[in-house]
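Read through the structure below, which is laid out as structure tokens, and then see the notes.
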Amino acid sequence: QVQLVESGGGLVQPGGSLRLSCAASGFIFSSYSMNWYRQAPGKEREWVASITTTGARTNYADSVKGRFTISRDNAKNTVYLQMNSLKIDDTAMYYCKAMMLAGWGKGTLVTVSS
């Protein structure tokens, strides 16, 4: 079955950077576009970024455009989210998901605080 394991979260000061990773298994990773989502305390889960199967195309939510970069390594079955210029509002649990497949990982917590 689909397994997704997110990692790389932590506590960072405003303006700092983090790189999240999501290790995927249980499906043909290179055949699926991948997404990152996040859920802040008390809010609904929201889409953050997506990347096509080869990485040729990416899309971002307006709130993170220019600050976050999604990438993937199909040889490692891993998708990444490089987060720069972090803001307090970026505090959330971050999840990856394969497009068109059910299943979520447990997420990784990003806390941006001074």
So, of the residues in the range 56-66 that are part of a loop (DSSP other than H, G, I, E, B) and either modelled with pLDDT under 95 or surrounded by fewer than 16 Cβ atoms within 10 Å (Cβ to Cβ) (or both), which turns out to be farthest from the chain's Cα centre (by Cα)? Ala56
Return the total of residues in the range 30-50 being more than 14 Å from Ala92 (Cβ to Cβ) and not in a strand (DSSP E or B). 4
Give the range 1-29 a look and list any residue that's over 14 Å from Arg72 (Cα atoms), not polar (S, T, N, Q) and not in a strand (DSSP E or B), or say none. Val2, Gly8, Gly9, Pro14, Gly15, Gly16, Gly26, Phe27
If you scan the range 93-105, which residues turn out to be at pLDDT 95 or above and open to solvent by 40 Å² or more (accessible area, probe 1.4 Å)? Met93
Single residue of Thr69, Thr53 found to be part of a loop (DSSP other than H, G, I, E, B) and under 25 Å from Leu101 (Cβ atoms): Thr53
Subset of the range 69-92 that is without any contact (Cβ under 8 Å) to a residue 24 or more places away in the chain and within 12 Å of the chain's Cα centre (by Cα) - its residue that is most open to solvent (accessible area, probe 1.4 Å): Thr69
Can you name the residue in the range 12-29 that is aliphatic (A, V, I, L, M) and touching a Leu at 6+ places or on another chain (Cβ under 9 Å) and, of all such residues, is most open to solvent (accessible area, probe 1.4 Å)? Ala23
In the range 31-41, the residues that are open to solvent by 60 Å² or more (accessible area, probe 1.4 Å) and either under 16 Å from the mean Cα position of the chain (by Cα) or modelled with pLDDT of 95 or more (or both): Ser31, Tyr32, Gln39
List the pairs whose first member sits in the range 9-37 and is over 17 Å from Val110 (Cβ atoms) and of a type in the set (S, T, N, Q), whose second member is surrounded by fewer than 16 Cβ atoms within 10 Å (Cβ to Cβ) and modelled with pLDDT of 95 or more, and whose Cβ atoms are under 9 Å apart, counting only residues at least 6 apart or on separate chains? Ser25/Gln3; Ser25/Val5; Ser30/Thr54; Ser30/Asn74; Ser30/Ala75; Ser33/Thr52; Ser33/Arg57
Taking the range 1-60 and keeping only residues that are within 19 Å of Gln82 (Cβ to Cβ) and among the acidic types (Asp, Glu), one is left with Glu6, Glu46
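The values are calculated or read from the model by the stated rules, or taken from the named source; none is laboratory data. From a predicted model like this one, the values you see are computed outputs, not experimental measurements. In this analysis, Cβ positions are derived from the backbone assuming ideal geometry, glycine residues included, and neighbour counts consider all displayed protein chains. Heavy atoms of the whole protein, side chains included, go into the accessibility calculation; ligands, DNA and RNA do not. Shrake-Rupley method; radii C 1.70, N 1.55, O 1.52, S 1.80 Å.
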